[in-house]
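Quick note: the coordinates plus some simple rules give every number you see, no bench work behind them. Just so it is clear, the structure is predicted and the values come from calculations on it, not from any experiment. Neighbour counts are summed over all protein chains in view; Cβ atoms, including those assigned to glycine, are modelled from backbone coordinates with ideal geometry.
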């Protein structure tokens, strides 16, 4: 999910001494590492890194080399744009030119597993090391659990962090409008009323939106549909965009986009997306994830904070997902000791978890650390750090049974439907019906090709 919302801007340089100390003393696994590898491995480790992860991972790689003096890391930055990423990695798998370790998105788990880009991690879990399936928070690990086909039951990725959608808000805008800051008990209707008071216009032109939100993003509409009692995917595997729950969800958002109080993709494309609208002051609120905190801290000079997203239909639901790391089949076959050692170190207290937590970029994907003061007590903004982990219990995840090729069609079809409704006055029900037909035709093709 993170790919859809990440800005490619620079992240903060970590200052991590206190973070590492606290994490190493907590439930993370540094003390047990000696039981996994009798002697530290040496050699060269190759890694492909998604472009937006290069900056936060650079200190991670340097720390690993310091911990393993005989190791050389050669990393390559690969595009996060799936139209470039997918053919690149699939062609490398066919040519047996994969790295030892790669990073991926949750929605690519099944595709990369089927194409032998990533390796099943169950053998790694059985090695007797400190990292096991039980170490990770189940909702995030399950995104990489393959549920159908030849790879069923395999785990093809380990979560990089625990990401849930929360509400970001500009405190300066609220203060100027003499509005109370939003709290965890607010409703969608409260949000609309607040957004209306925050919206500013110069004649017919909106100069500031109350809320920036990617309406046609699965982390927005899947929780909405579930809050109204529906599901995005039917029991027969088809996508349901014409249910009463789906119609209510999209209509309530599109109505506000038409009024100019909410801004979605089309309204914020000119400034680089919803996150840039928020950091530039074009939007007073936005819904986004922990991974955007370093960017907001770097770019937004006004004071700001976060809170729960509002309830819908009396139900609290929020989007949830993650980026992951995995070994490749070539790493397992040709460089297993170093590949597995890096994964183990990555999740240790002195490893990547501590370093990344100190940049505000992640909530560790480990249940025992959800309430840790180490990352919750980082200096604000945001001050309400706890909301990032407290919201996990309300998380709604896009089904991993939707093939990636179909998800791409869903994304485009829903954006087309949204533009038709907002810009051209089309009927929401008719637009969603057209989108559903297009999506399910793509689903039928995907299943036929796989079969």
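What the table shows:
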item: For segment 46-80 and segment 368-445, distance of Cα centres in Å; result: 29 Å
item: DSSP bridge orientation in segment 167-293 - percent antiparallel, rounded to nearest 5; result: 65 percent
item: Residue exposure sequence - 209, 75 - by fewest surrounding Cβ within 10 Å; result: 75, 209
item: Per-pair calculated FRET efficiency, R0 = 41 Å: residue 152 and residue 187 via Cβ, rounded to 0.05; result: 0.50
item: Cα centroid of segment 194-220 to Cα centroid of segment 113-145, whole Å; result: 40 Å
item: Two-site FRET efficiency, residue 377 against residue 298, from Cβ-Cβ distance with R₀ of 22 Å, rounded to 0.05; result: 0.60
item: Within the chain, helix-based [θ] at 222 nm, where runs of 4 or more DSSP H residues each add -39,500 (n - 2.57), nearest 500; result: -11500 deg cm²/dmol
item: Gain upon complete extension [residue 337, residue 236; 0.36 nm per residue less C-alpha separation]; result: 32.1 nm
item: Rounded tilt (10° steps) of 404-424 against the dominant C-alpha axis of the chain; result: 20 degrees
item: With Cα atoms, 0 to 90° folded angle of helix 82-94 axis to the chain main axis; result: 20 degrees
item: Cβ-based exposure ranking for 148, 242, 220, in which fewest neighbours within 10 Å come first; result: 148, 242, 220
item: Neighbour-count order for 410, 86, fewest beta carbons within 10 angstrom listed first; result: 86, 410
item: Between segment 317-340 and segment 232-295, the Cα center-to-center distance that results, in Å; result: 30 Å
item: Cα-based helix-to-principal-axis angle, 54-67 vs the chain, degrees rounded to 10; result: 20 degrees
